[in-house]
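K.L.:
Pasting in a structure now, in structure tokens, and then I'll have a few things to ask.
The values are calculated or read from the model by the stated rules, or taken from the named source; none is laboratory data. These numbers were taken from a predicted model, which means no experiment stands behind them. Note that we place each Cβ from the backbone using ideal geometry, even for glycine, and neighbour counts take in every protein chain shown. Protein only, heavy atoms only, side chains kept; ligands, DNA and RNA dropped before computing areas. Shrake-Rupley method; radii C 1.70, N 1.55, O 1.52, S 1.80 Å.
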Amino acid sequence: SKGDFSQRADFMGEFSAAFNNMVMQLDTTLTSLRTTEEALTRLTNSLRREVEMRTSAVNALKQSEARFKYLADHAGLTGAPKRRSFLILAETGLKSAQQSGTPCCIAMLDVDHFKHFNDSHGHLEGDLALKHVVGLAQANLRQGDCMGRYGGEEFLFFFADADLEQGYKAAERIRSAIAQSPVQRESGLAHITASIGVCVVMPEWK
């Protein structure tokens, strides 16, 4: 009953040989089953490790793809969407505005006297200033708005569901934030300003 098949029976007369043969077969069968079970356990563990490795590899690949996609869509210096990415977002916003019959605004921001800033403080400080501008601008966007880098020190904005007055207010909020927040530099604060032009896109009434 405890799985000990080493005992043999000699007291059952002519049945002893048949009984002992049955016990030997049981012992052989159970030994084979244990061996098979151990092999299956090792195979299961191996497959589990393989699945874990493949899952880890797939997750790493997805993260890598997401990172490459982000780098392809965003400017490496500022983190703002590149012009192509912005135009795709703006086109989607324009189509939505036309379908809903609501106005929207497009704006362009230019950092004032940026060449002079670069010449005076150096290009590294200029890069820091652009990052500063993008951070402030993104912090002051409304839900549904988006921005992108047009080139150099110029940035584009899409203001969703905004007439010209609302577009002016959204642009002024960004311009004012930049003017009131100097760039933190190792050698001290540097004040920068920006100019923003705004145009409204009215829906086509049918």
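K.L.:
For the stretch 43-201, rounded, prolate or oblate, judged on the Cα gyration tensor with a ≥ b ≥ c (square roots of eigenvalues), a/c < 1.5 rounded, else prolate if a/b > b/c? Present the calculation step by step, with values, prior to reporting the outcome.
P.N.:
On the way: a/c = 3.08, a/b = 1.46, b/c = 2.12.
Note, shape of the stretch 43-201 comes out oblate.
K.L.:
Let me ask another. With a cut-off of 8 Å between alpha carbons and a minimum separation of six or more residues, what is the relative contact order of the chain in percent?
P.N.:
23 percent
K.L.:
What does the accessible area per residue of the chain come to in Å², with a 1.4 Å probe and no ligands, DNA or RNA counted?
P.N.:
Numbers: 13830 Å² over 206 residues.
Per residue, the chain has an accessible area of 67 Å².
K.L.:
Which residues in the stretch 162-206 place their backbone N less than 12 Å from a point set 7 Å from the Cα of Met108 along the Cα-to-Cβ direction?
P.N.:
Output list for this probe position: 196-199.
K.L.:
When the accessible area of the stretch 88-169 is computed with all protein chains present and a 1.4 Å probe, what percentage of it is carbon and sulfur? Spell out each step's value before the answer.
P.N.:
Numbers: 2300 of 4300 Å².
Summing carbon and sulfur atoms, their accessible area is 54 percent of the total for the stretch 88-169.
K.L.:
While we're on this one: Tilt of helix 123-139 relative to the longest C-alpha principal axis of the chain, in degrees (0 to 90, nearest 10)?
P.N.:
80 degrees
K.L.:
Can I ask one more? What FRET efficiency do you get for Leu77 and Lys169 if R0 is 25 Å and r is their Cβ-Cβ distance, rounded to the nearest 0.05? It would help to have the intermediate numbers written out before the result.
P.N.:
On the way: r = 29 Å, r/R0 = 1.15.
After rounding, the FRET efficiency stands at 0.30.
K.L.:
Now for a different question. On a C-alpha basis, how far is the centre of the stretch 28-49 from the centre of the stretch 139-162 in Å? Whole number, if you could?
P.N.:
Taking the Cα centre of the stretch 139-162 as reference, the centre of the stretch 28-49 is 62 Å away.
K.L.:
If you build a Gaussian network model of the chain, linking Cα atoms that sit under 10 Å apart, which residue out of Glu91, Glu153, Glu38 swings the most?
P.N.:
Glu38
K.L.:
So how many Å³ per residue does the convex hull of the Cα atoms of the stretch 99-190 work out to?
P.N.:
On the way: hull volume 7.9 nm³, N = 92.
Taking the convex hull of the Cα positions in the stretch 99-190, it is 86 Å³ per residue.
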